[in-house]
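Visitor: Quick one: this structure, given as structure tokens, is what I'll be asking you about.
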Amino acid sequence: MSSDATGFTGNIPQHYDQGLGPIIFAEYAADVARRVAADSPARVLETAAGTGIVTRKLRDALPDGAQLTATDFNPPMLDIARTKFRPGEQVGFQPADAVALPFADASFDAIVCQFGVMFFPDKAKSFAEAYRVLAAGGRYVLSVWDSHRYNPFGRIAHEVAGRFFPADPPQFYSVPFSCHQIDPIKEFLIEAGFDDIGISVIRQERKLPDVAGFARAAVHGNPLIDQIRARGGVDPERIVETLTQEYRREFGKDPGRMPIQAIVFSAAKR
């Protein structure tokens, strides 16, 4: 039975980028880009870049001469990211595993990872790799989702999918919210060698102009759809319809209003 939470392939990247991106990712991307650009780094690495939502914000915020390298484990996500840039914008794209980065020591002045750490199979190794490829004086900025308690869109999607498969509930929506405890991330950073650690909890509210469209993306825009299809016996449209009803009950009809919360970490390499 499929339990893979990291395979963003097939049609998933399009639903992710168009349906989820503007609602849950774009504003946090602008925030993290401002944090990274504040130090005017010349060489920037992004891990788990996905469809380039943060990458685009970074390129707009960084100095013109800065070189930006965007990596992701899933090449189909990077295929969409590439379409957001013109030739000559000094952005390189490279498939890469964040726990085994294909770069020399001290190659970058800043590293950014938005909502990616939760998916790394060896989190300690990913922090060690970030430290290795970061130059002295550089900074690592990463973000994770807070818990289901503060992100009801994830909790509701998890619960709705589970109703249809009570004997073997899909687990995708347990993964993105699995790193909400601050201490383990802090310890990973310290053990890797980082210091000057800053932590910010950022609570926002999102407008949902099309609740049904967001519900569709919440099912089709991540590996939940593959987990549903692997189990079989349920039309994914039934899950989308039920999720739409639950979202409208929780957030209101078009336009809905949805609370959302993330945690941003910033750490330096001395």
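The values are calculated or read from the model by the stated rules, or taken from the named source; none is laboratory data. All of these numbers come straight from a predicted model, not from anything done at the bench. Neighbour counts are summed over all protein chains in view; Cβ atoms, including those assigned to glycine, are modelled from backbone coordinates with ideal geometry. Heads up: the accessible areas ignore ligands, DNA and RNA and are worked out on the full protein's heavy atoms, side chains in. Shrake-Rupley method; radii C 1.70, N 1.55, O 1.52, S 1.80 Å.
Visitor: Filter segment 86-110 down to residues that are closer than 15 Å to residue 74 by Cβ and in contact with a helix residue (DSSP H, G or I) (Cβ under 6 Å, 6 or more places away or on another chain), then give me how many there are.
Guide: 4
Visitor: How about segment 150-167: which of its residues are small (Gly, Ala, Ser) and in contact with a strand residue (DSSP E or B) (Cβ under 8 Å, 6 or more places away or on another chain)?
Guide: Across segment 150-167, the qualifying residue is only 154.
Visitor: I'd like to check something: does segment 159-173 contain any residue that is hydrophobic (A, V, I, L, M, F, W, C), open to solvent by less than 10 Å² (accessible area, probe 1.4 Å) and over 25 Å from residue 71 (Cα atoms)?
Guide: Yes, because at least one residue in segment 159-173 is hydrophobic (A, V, I, L, M, F, W, C), open to solvent by less than 10 Å² (accessible area, probe 1.4 Å) and over 25 Å from residue 71 (Cα atoms).
Visitor: Can you tell me which residue is farthest from residue 269 (Cα to Cα) among those in segment 112-140 that are assigned to a strand (DSSP E or B) and open to solvent by 10 Å² or more (accessible area, probe 1.4 Å)?
Guide: Here the residue is 114.
Visitor: Now for a different question. Quickly run through segment 23-48 and pick out the residues that are of a type in the set (A, V, I, L, M, F, W, C) and open to solvent by 20 Å² or more (accessible area, probe 1.4 Å).
Guide: 23, 26, 30, 38, 42, 48 - these are the residues of segment 23-48 that are of a type in the set (A, V, I, L, M, F, W, C) and open to solvent by 20 Å² or more (accessible area, probe 1.4 Å).
Visitor: Across segment 1-22, what is the total count of residues that are of a type in the set (Gly, Ala, Ser), more than 19 Å from residue 144 (Cα to Cα) and crowded, with 19+ Cβ neighbours inside 10 Å?
Guide: 1
Every residue, every condition in (1) under 22 Å from residue 146 (Cα atoms); (2) open to solvent by less than 10 Å² (accessible area, probe 1.4 Å); (3) of a type in the set (A, V, I, L, M, F, W, C); (4) touching a His at 6+ places or on another chain (Cβ under 6 Å), yes or no:
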| residue | (1), (2), (3), (4) |
| --- | --- |
| 182 | yes, no, yes, no |
| 186 | yes, no, no, no |
| 206 | yes, yes, no, no |
| 217 | yes, yes, yes, yes |
| 224 | yes, yes, yes, no |
| 256 | yes, yes, no, no |
| 260 | yes, yes, yes, no |
